[in-house]
Each structure stands twice: as C-alpha cells, then as structure tokens.
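Peer 1: Next up is a structure, given as structure tokens.
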Amino acid sequence: MNLSVILPTYNERDSISSLITEIYEILEAQPLSFEIIIVDDNSPDGTYREILKEWDGNPKIKALLRKNEKGLATAILHGIRQSEGKKVIVMDTDFNHPPKLIPLLVNITDYFEIASGSRYVIGGGMETSRFRYAGSKVFNKFIHYTLKMQTTDNLSGYYCFRREVLDGLELEKIFFGYGDYFIRFLYVMQGLKHPIIEIPVVYEDRLGGLSKTNLKTEFFRYFASVLNIKFRIWKIK
Ligand SMILES: Nc1nc2c(ncn2[C@@H]2O[C@H](COP(=O)(O)OP(=O)(O)OP(=O)(O)O)[C@@H](O)[C@H]2O)c(=O)[nH]1
Ligand SMILES: [Mg+2]
C-alpha cells in the first residue's frame, strides 16, 4: 500500500462525506494504492453513522470508532497504528486543510522524508481568521527562538511522512494532547535530522460544524508544551 490518509473526526457530520469524496477522487486519479482511515471519538452528532451510511463496504475507506478514549493526538496515533501505507498523510476534516495539496505532499516525500503544510511560507495563508493568522505567526516565532525550530509553521498538522521515520520511537510520548503534539513531532524529527520540506497551504473556511479549539486553553497548553521541551521536563528518551 502506497498511502494512508488519516482523518480524525469529532462532530464533523456536515463535512466528512464531501471531504472523503474529494480526497477519494483526487487519489483515484493518482497512480498509487491508498486507504482513507477515519478515527471518530464517538461524536454525538453521528459522524460515524454518516460515514457508514455513505462508505460502508468500500475496502479503501476504514472507519474506526473509539468509544472509551477522546483526544486529537491519540486519535491520530490510533489511525497511524491501524494503517498500512508506506507514506502517511494527516489532515483536519473540516476543510481547513485543502485536499488539493495531497498530490504535491505525496510526490515531494519521494525526495524529503517529511512534507508539511505551512501558512507562513510565501504563498501560504489563512482565509479563516486574520486574528488567528497573526497570533499563530507570533507563536511560531516564539517556537523558532525557543526551540530553534527551522520550520515556519509548527502548528499546522497537515503533513505527509514516510512511515519509517517513526521506527524505534515511543510514539505515546509524542502523540498526546491537542495540536501541541505536532510541535513535539517536528522537534523530534528535526533532532533526528530527517529532511523536512514546507509547502505553502492556505487554510480554507470550515465547511460546517463547530470548532473544537478553545483558544485560551489551547494557548496555555501549547505554551506549556514548548517550555516543557525547552527545559527538558519533556524528553523523548
Ligand atoms: N478523533 C478526534 N478528532 C478531533 C478531536 N478534537 C478535534 N478533532 C478533529 O481535529 C481537527 C481539528 O479540529 P478543529 O476544531 O477544526 O480545530 P482548529 O482547526 O484548530 O479550529 P478551527 O480553525 O475553528 O477549525 C478536526 O478534524 C476535528 O474534527 C478529538 O477529540 N478526537
Ligand atoms: Mg479546523
């Protein structure tokens, strides 16, 4: 299997079917074998039922339901562990992350082990909120100076990697929390000297449903995560 696309969902009933359709059509046009893995944390809005209604019986679509666990990062890890592709893509399921970038992400990871979408390289941006665009930019600068990260967007969470970059790592030590797991992921990958290329991404408006992000709580969580790395309270080994 060439590629696995991991889609974590929580209350994304309004967008999930059209997102899967769009990704499916893009991938069917590529010369590769693929699977799309959705990890739903028992969304009260019936996201999982909606997926089964549309896609049950299609061997390329695997819908996983977690009943006893909740959380973005562990959902992604669960999906990765159930996946078989030599390359893995992770993305949001509300259309913030435009599926049209998928072919480029897949193609460029023939040359770089990790390709990551960035709002802060030329051509990148955010149609959703100017306030969040500016806030994230400042926070990314903070990450750059504090952790010496060479990546411009350590919060995007839209990326593709070759599976072997995870070999030998204790993944539970990276994949916990919310979007802050991605800071840890990139930090570890940079430390291991895996080549990472950033490609411009423009976040589009969420198609429906509600944001799960509480900006204030997340800001403090992300801030604490960066300081934990900096002062070696958090270590991978
Ligand atoms: N499985 C799972 N998915 C989650 C969880 N929390 C968020 N997600 C998914 O993670 C992605 C990002 O969540 P969003 O609410 O869009 O967060 P955001 O992009 O920072 O916020 P917006 O800009 O408002 O869209 C979406 O695909 C959500 O459905 C969770 O606890 N479990
Ligand atoms: Mg979103």
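Derivation of every value follows stated rules applied to the coordinates shown; laboratory data play no part. These numbers come from a predicted model, not from an experiment. In this analysis, Cβ positions are derived from the backbone assuming ideal geometry, glycine residues included, and neighbour counts consider all displayed protein chains.
Peer 1: Using a 10 Å cut-off around each Cβ, can you sort 118, 18 from fewest to most neighbouring Cβ atoms?
Peer 2: Working: 118 22, 18 14.
So the ranking, lowest neighbour count to highest, is 18, 118.
Peer 1: Continuing with this model, one more query. Determine the distance separating the Cα centre of region 27-74 from the Cα centre of region 102-158; give it in Å without decimals.
Peer 2: 25
Peer 1: Return the sequence-ordered ³J(HN,Hα) values of region 87-100 in whole Hz as given by the Karplus equation 6.51 cos²θ - 1.76 cosθ + 1.60 applied to θ = phi - 60°, using x for Gly and Pro.
Peer 2: For region 87-100, the Karplus curve yields 10, 10, 10, 10, 8, 6, 10, 10, 6, 4, 9, x, x, 4 Hz.
Peer 1: Would you pull out the residues with amide H under 5 Å of residue 7's amide H, same chain only if 5 or more places away, H placed 1.01 Å from N?
Peer 2: Residues meeting the criterion, in which the H sits 1.01 Å from N, are 37, 38, 39.
Peer 1: Note down the net charge around residue 50, summing +1 for each Lys or Arg and -1 for each Asp or Glu among other residues with Cβ under 10 Å from its Cβ. Please report the intermediate quantities before stating the final value.
Peer 2: On the way: positive: 13, 49, 53; negative: 12, 14, 40, 45, 54.
Residues close to residue 50 contribute a combined charge of -2.
Peer 1: Would you mind ranking 5, 106, 121 so that the residue whose beta carbon has the fewest other beta carbons within 10 Å leads the list? Don't skip to the answer; put the middle values down first.
Peer 2: On the way: 5 29, 106 22, 121 17.
If I rank by nearby Cβ atoms, fewest first, I get 121, 106, 5.
Peer 1: Label-point separation (nm) for residue 18 and residue 42, each offset 7 Å from Cα along Cα-to-Cβ?
Peer 2: With each label point 7 Å from Cα toward Cβ, the separation is 3.0 nm.
Peer 1: Enumerate the calculated ³J(HN,Hα) couplings along region 62-76 in order (Karplus 6.51 cos²θ - 1.76 cosθ + 1.60, θ = phi - 60°), each rounded to whole Hz, writing x wherever the residue is Gly or Pro.
Peer 2: Those phi angles translate into 10, 9, 10, 10, 10, 9, 10, 9, 9, x, 4, 5, 6, 5, 4 Hz.
Peer 1: Can you give the % of DSSP beta bridges in the chain that are antiparallel, to the nearest 5?
Peer 2: Details: 7 of 30 bridges.
Antiparallel bridges: around 25 percent, rounded to the nearest 5.
Peer 1: To make sure I understand, if each residue's beta carbon is the centre and we count other beta carbons within 10 Å, what order do 136, 129 fall in, fewest to most?
Peer 2: Details: 136 21, 129 13.
In increasing order of surrounding Cβ atoms, one gets 129, 136.
Peer 1: Mind pulling the angle between the C-alpha long axis of helix 13-28 and the longest principal axis of the chain? Nearest 10 degrees, somewhere in 0 to 90.
Peer 2: It is inclined by approximately 90 degrees.
Peer 1: What is the sum of charges around residue 211, taking Lys and Arg as +1, Asp and Glu as -1, for the other residues whose C-beta is under 12 Å from the C-beta of residue 211?
Peer 2: -2
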